[in-house]
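Written out below as structure tokens is the structure these notes cover.
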Amino acid sequence: MPQPKLFALLLQKASQDEYVLDKLLADAGAPLEIFGFHAQQAAEKYLKALFAAEGKTYPMTHRLAELIDLAKEQGIQIPEHFDEVRVLTPFAVEFRYDVFPLESEEPLDKTAVRKLLKEIRTWVESRA
């Protein structure tokens, strides 16, 4: 059974992370780890809101791949390009307490991430 209150709460909390993302995106000197953290948090909350809209349970995890895979296993058809948010998972914990390894990782395209999160939000909101 759908959980509209939880759905609304998760959307509200994800919107707060998006607010921070917009501020960070406008600041060229903002730390990438902080941007990545809020991007990961928004994606996580949107995915969990999707489960709430569908009346399905989800694990208490920060691993976006796990949430995406579980949604697909439960028959939720997620657009393929949303899989790109999987790269944000290390920002949930790992890169908050360690330095983002700029030399060994592909740089994070903050503008593309922001655009993708807007698409995910719109899609998740349409599921309610």
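State the label only: which of (i) 25, 15, 13; (ii) 27, 18, 15; (iii) 36, 19, 13 corresponds to semi-axes √(5λ) of the Cα gyration tensor in Å computed from the shown model?
Here semi-axes √(5λ) of the Cα gyration tensor in Å agrees with entry (i).
Would you list His81, His38 from fewest to most Cβ contacts within 10 Å? Spell out each step's value before the answer.
Values: His81 10, His38 22.
Arranged by neighbour count, lowest to highest, His81, His38 become His81, His38.
Compute the long axis of helix 64-73 from its Cα atoms, compare it with the longest principal axis of the Cα atoms of the chain, and write down the angle in degrees, 0 to 90, nearest 10.
Taking the Cα atoms of the chain, the angle to 64-73 is about 30 degrees.
In degrees, nearest 10, range 0 to 90: what is the angle between the Cα axis of helix 4-25 and the longest Cα principal axis of the chain?
Helix 4-25 sits at roughly 20 degrees to that axis.
I'd like the FRET efficiency for Arg63 and Asp27, computed as 1/(1 + (r/R0)^6) with the beta carbon distance as r and R0 of 30 Å, rounded to 0.05.
Values: r = 28 Å, r/R0 = 0.94.
Efficiency, from the Cβ-Cβ distance: 0.60.
Relative contact order of segment 4-126, please, whole-number percent, based on alpha carbon pairs below 8 angstrom and at least 6 residues apart. Working shown, then result.
Working: 113 pairs, mean separation 39.0, N = 123.
Relative contact order for segment 4-126 comes out at 32 percent.
Helix 32-54 versus the longest principal axis of the chain: what is the Cα-based angle in degrees, 0 to 90, to the nearest 10?
For 32-54 against the chain, the angle is about 0 degrees.
With just the Cα atoms defining each centre, how far is segment 1-29 from segment 37-65? Give it in Å.
12
Since every read-out is calculated from the coordinates, none of them should be taken as a lab result. Note that this is a predicted model, so its numbers are computed, not measured. Note that we place each Cβ from the backbone using ideal geometry, even for glycine, and neighbour counts take in every protein chain shown.
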